[in-house]
Structures are given as structure tokens and as C-alpha cells.
Amino acid sequence: MKGNLIIRNARVVTPIGQEAVKGKKMGELQELPGVTIAIKEGRILYIGDGMGCPEIPDAEHIDAEGKVALPGFVDSHTHLIFGGFRPDEFEWRLKGDTYMSIMERGGGIQSTVNATKDASEDELVKKAQWFLDRMGEMGVTTVEVKSGYGLDFETELKMLKVIARLKEEEKTVIDIVSTFLGAHAVPPEYKGKTSEFVDLLIEMLPEFKEYAKFCDVFCEKNVFEIEDSRRLLQAAREQGFKLKLHADEIVTLGGGELSAELKAVSADHLLHVSDEGIKKMAQEGVVATLLPLTAFALKEPYAPARKFIEAGCAVALATDLNPGSCFSGSIPLTIALACIYMNMTIEETITALTLNGAAALDMADEIGSIEVGKRGDIVLLGSDNYRVLPYYVGMNCVQATIFNGNLVASNP
Ligand code: NIG
Ligand code: FE
């Protein structure tokens, strides 16, 4: 539903533009106190003083009382549809096990694949809806959701249908962008035959085109290495998918370089990206989507955010919410970790979670900033100072979330 809404007396804090903000410019935000924002049929129609605000019949009214209005947050990387949970693996890792050794023993992603095969569509919808509601409370208005816990035609299709249902039928109050991640792990029946499994995924692509905007791959040593990733992504591009990669997450493999070669929209994780990878991504305008919650939960070094920014790259931040490597969708903790451990400035984290998150979904002309013509997706903080964002370590300072001109979540 597209809402009519007038927000008075807001302190608008926003990046500006229709495309990714690169390098040092990420720190440049526009800040306007005492502003009225008018949203008509879900679109921002007016930003200015109260006097000039057009009449909008039937509009709802909100008095922001001088508090900060940010663009709705864009979480551009999640795996929030899955069967089961994996707390046992988390405990094994606490005792010294590693993410990859658990995966190589047949646990990890494969264990969620088994549970997802067993789950009904309705169960998956209900579970995902809970996460989506929590994300709305934290100010997220657009979320990307991946398949990838099926690894066969039937279950991948089930996941993609669940995403479509959440988006269209289930009255979900935030927007969802869908990604096909059939290349998430090599299933046991294809062990040692990765390239045959890639052939199978390539055959599936045309069937899934109507369900997914992006195609993604877990480009990693002993999973889908460079040649298999390249072959799948090239085929996906020919079918009209936009491209993403899980790149250089566990070891330095050249995923960053591959994302540049293929002109992917984004490469994600990048904990172990090479300097050459950073340079090439900057040259080709690939968005570097960094996921600090995953580094935190895996006890890995954080991605080199400053190097990306110095190189002139656009950096986005996202949560990676999934049942294995990172069972957290916390936007507040993402912001705190990015500022404390990745040395991003508060302004850069705001750009990374709004306009650059939108760019990572190829939607920067539609969402990601508070500008006339963009969708009316706005977060109101419970403060008149946006700098409180990382100070609230892991605690939510969002007071209200507005999606498409409708108030969809509010916190006391
Ligand atoms: O982004 N590494 C690949 N995919 C996810 C983890 C998925 C899982 O462990 O279930 C990630 O870290
Ligand atoms: Fe991921």
C-alpha cells in the first residue's frame, strides 16, 4: 500500500544522489534541521519548510519533534529463509572448530539444506516473517534475501517461491529483493564433480529468472573456485541476472578480481581480499558489501573498509543474517562494529547502509536517500543527533520506520 504522510519538524540526514557514493565522498551527508517531508502515494513529493508544503488530502501526520530522519536502511545481504537452527556448530566453534572444517564434515550449509528440504513452504514463510518484522523495527525498509539452502531444483524453487510470497502476498511491510544462490555448497551427490553441479545450476537458470533479480555464488576454496564461479556467473548474466559474489570470505582466492572482471553489482564479505582485488573493484565500480557481524561471529579479521574507501570504492554494509556463520540481523551492532573495528566514520556507515546498500541492489535511483521522487522510506531516530548510532552498541535507537509512506514499526 502506498501511503500519504506528512512529517513535520524533522532533522533530515541523508546522502544525496542516484548512484553509489564512492570513496571519501561517503562521509558527505546533507543535514537539514526543521524540515517538513511530504509523501504522496508512497513517493517523496516535497522536502522543505512547513509553509511551502503542498496539501495532501487524507495524509497521516507525524511530528518528529526535531529528531533525526534518515533514509530507510537497506540490508543488501541476508539468508533469512531456512529450516532448523545450528547452535551446536556455534558451540563447536567456541571450542576451536572452524567454519570450513564443519562444512567439510557434511555439517554447515548442508545441515541447513537438509532441514530446509524437510520444511513446508508455510513454515518457511512464518519463520522468515518473524525476522522481517524484527528488521523493520531496526529501520530496515529493503532487504535482499537469497535462496541457497535447496541445492536441487525443487527446494531452490520452494525457497524462491517463499520469497515471492513474502514480497507479494504476505503483507510484509518492507521490500524484498530476491537472489538465486544455488551455488552455495556442492551437495554430497556431486562431491568431486563440482563442474557437473555447475552444469545443472546453469540448466536451472532460465526457470528461476522470473523469481530472482541476482545470481550469487559462494566463490571459495574447495567450494566454487574461480573457474566454476566465472562459468556460472557468465551464464547467469546471459540470462539477464545481475551478479553478486561471496568473495574472499575465508581465504584470498581472487573473488574480488573476478567481481571486477564480470562487472558484478557487488562483491560481498571480502575479509581476505587482495590489494589488487580492491584496486580492480574500484576501477570497475563494484560495490564492496562488508558484513562485520560475520567477521565478529567467526572471530575472523574485519574486512579492510578503509582500504576500500581510500581506493575510491563504494562500500555498503549488510548483516548476512543466516543460521550458520552469522545468526544476527542486528543493524545497531553492524553500525557499532563498523565504527569501532573497521574505522568507518559514522557518516560513512550511514551512506553504507542507505544509498550504497541501495546501489548494491541496483536500486540507487529508487531508494537510499531522502530526496524528492524517491520512495517514501524513512527512519526516525529517538534523538536529534545522528551520532548516537554507534554509541547505542547493539541497542536500537530507531523510534519509527516508514515504508512507502506508511508507518510500519514504532518503538516506545
Ligand atoms: O555468507 N559463506 C557462505 N554463506 C553464508 C553462510 C551460510 C551458512 O553458514 O549457512 C555466509 O557466510
Ligand atoms: Fe552470505
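Applying Stokes-Einstein at 25 °C and 0.890 mPa s to the Kirkwood radius of the chain, computed over alpha-carbon pairs, gives a translational diffusion coefficient of 116 µm² s⁻¹.
Counting every pair of alpha carbons in segment 296-357, the share spaced more than 14 Å apart comes to 56 percent.
Note on segment 196-330: Cα-only Rg and Dmax are 14.4, 41 Å. Over segment 29-182, the ratio between the Cα radius of gyration and 2.2 N^0.38 Å evaluates to 1.40.
Along each principal axis, taking the top coordinate minus the bottom one, the Cα set of segment 296-400 gives 42, 32, 28 Å in descending order. Per the Debye formula with a single identical scatterer at each Cα and no solvent contribution, what log10 I(q)/I(0) holds for segment 145-194 at q = 0.19, 0.22, 0.25, 0.32 Å⁻¹? Those come out to -0.62, -0.75, -0.88, -1.16, one per q. Computed from the Kirkwood radius of its Cα pairs, the Stokes-Einstein diffusion coefficient for segment 28-86 at 10 °C and 1.306 mPa s stands at 107 µm²/s.
Ranking H269, P292, F308 by how far each Cα lies toward the positive end of the dipole of segment 260-310 (charges on Cβ) leaves P292 at the top. Principal-axis analysis of the Cα atoms of the chain puts helix 194-208 at an angle of about 40° to the longest axis. Rounded to the nearest 10 degrees, the inclination of helix 153-168 to the longest alpha-carbon principal axis of the chain is 0 degrees.
Taken over segment 1-103, the percentage of Cα pairs per 10 Å bin, counting from 0 up to the bin with the maximum distance, is 12, 28, 21, 15, 16, 7, 0.
Among 1-9, 355-363, how do they line up by average Cβ neighbours within 10 Å per residue, starting with the highest?
355-363, 1-9
Among 109-122, 150-163, the peptide with the highest mean count of other Cβ atoms within 10 Å heads the list, and the full ranking is 150-163, 109-122. Farthest towards the positive end of the charge dipole of the chain, among the residues P33, V177, F403, is the Cα of P33, using unit charges on the Cβ of Lys, Arg, Asp and Glu. The equivalent ellipsoid of segment 246-287 has semi-axes of 14, 10, 7 Å, largest first, where each one is the square root of 5 times an eigenvalue of the Cα gyration tensor. Annotation: amide H-H contacts under 5 Å for G182 (H modelled 1.01 Å from N, sequence separation of 5 or more, or interchain): D216. What's the angle, to the nearest 10 degrees (0 to 90), between helix 121-137's Cα axis and the longest principal axis of the chain? Tilt of helix 121-137: around 40 degrees.
The label-point distance for N222 and A115, in a model that sets each label 7 Å from Cα toward Cβ, rounds to 2.3 nm. For segment 111-220, the ratio of Cα radius of gyration to the globular rule of thumb 2.2 N^0.38 Å stands at 1.09.
Given the C-alpha centroids of segment 107-137 and segment 322-377, what is the distance between them in whole angstrom? Their Cα centres are 23 Å away from one another.
Excluding same-chain neighbours fewer than eight residues apart, the aspartates and glutamates reachable from K191 by a Cα-Cα span under 18 Å are E104, D152, D199, E220, E225, E227, D228. Rounded to the nearest whole Hz, the Karplus-based 3J(HN,Hα) values (6.51 cos²θ - 1.76 cosθ + 1.60, θ = phi - 60°) of segment 385-401 follow the sequence 10, 5, 5, 6, 3, x, 5, 6, 5, x, 10, 8, 10, 7, 9, 8, 10, with x at glycine and proline. May I ask which of K24/K221; K2/K242; K242/K279; K158/K242; K2/K146 have a Cα-Cα span longer than 24 Å here? Result: K24/K221; K2/K242; K2/K146 exceed 24 Å. Computed about its Cα centre, the charge dipole of segment 92-132 is approximately 200 debye, with only Lys, Arg, Asp and Glu carrying charge at their Cβ. If you sort the three axes of the alpha carbon gyration tensor as a ≥ b ≥ c, you get a/c of 1.5 or more for segment 333-383 and a/b no higher than b/c, which makes it oblate. Could you check the spin-label model distance between R306 and L157? Points 7 Å from the Cα along Cα→Cβ, value in nm. For the pair R306/L157, the computed spacing is 5.1 nm. In angstrom, the C-alpha Rg and Dmax of segment 221-262 are 10.0, 30.
Here, each number is a calculation from the coordinates, and none is a lab measurement. Nothing here was measured: the structure is a model prediction, and the numbers come from that model. Using ideal geometry, Cβ is built from the backbone for each residue, glycine included, and neighbour counts are taken over all protein chains shown.
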